[in-house]
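Shown next, in structure tokens, is the structure this report addresses.
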Amino acid sequence: MQILFRAFLAIYLAHLLTDFVFQTQRLVEQKRRGKPLAYFFHGLTHYLSAVILVSFFLAGSGLWL
């Protein structure tokens, strides 16, 4: 249960970082205009930050094979 909770917190932290720290004003403007590439880069940033943080907080998962 503790591993599940740690994974949830890592993914939640990744989400907060992606939305409030890593998202630039330019990306926000492009998303407002409905540019598909902006949504792709935002999703890619979410994915990469989640993989990095989960692999950091949970030993033996993600990048460390």
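Coordinate-derived values only; no laboratory data. Bear in mind the structure is a predicted one, so any value in this text is a computation, not a measurement. Backbone-built Cβ (ideal geometry, glycine too); neighbour counts: all protein chains shown.
For the chain, what's the relative contact order in percent, using C-alpha pairs closer than 8 Å and at least 6 residues apart? Can you show the working numbers first?
Numbers: 41 pairs, mean separation 27.7, N = 65.
Value for the chain: 43 percent.
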* To the nearest 20 debye, what charge dipole does segment 6-60 have about its Cα centre, counting +1 at the Cβ of each Lys and Arg and -1 at the Cβ of each Asp and Glu? -> 200
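Is it possible to state the helix-based mean residue ellipticity at 222 nm for the chain, with each DSSP H run of 4+ residues giving -39500 (n - 2.57), the sum divided by total residues, to the nearest 500 deg cm²/dmol? What is it?
Numbers: 3 runs with 49 residues, N = 65.
Helix contribution divided over all residues of the chain: -25000 deg cm²/dmol.
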* **Inter-label distance for Y39 and V51, nm, one decimal - labels placed 7 Å from Cα along Cα-to-Cβ** => 2.2
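Determine the gain in length on full extension of the stretch A59-F5; use 0.36 nm per residue of separation and subtract their C-alpha separation, reporting nm with one decimal. Could the numbers behind the result be given before it?
Working: separation 54, 0.36 × 54 = 19.44 nm, distance 1.40 nm.
So the extension gain works out to 18.0 nm.
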* **Most positive-pole-ward Cα, L53, A38, L13, against dipole of the chain from beta carbon charges** => A38
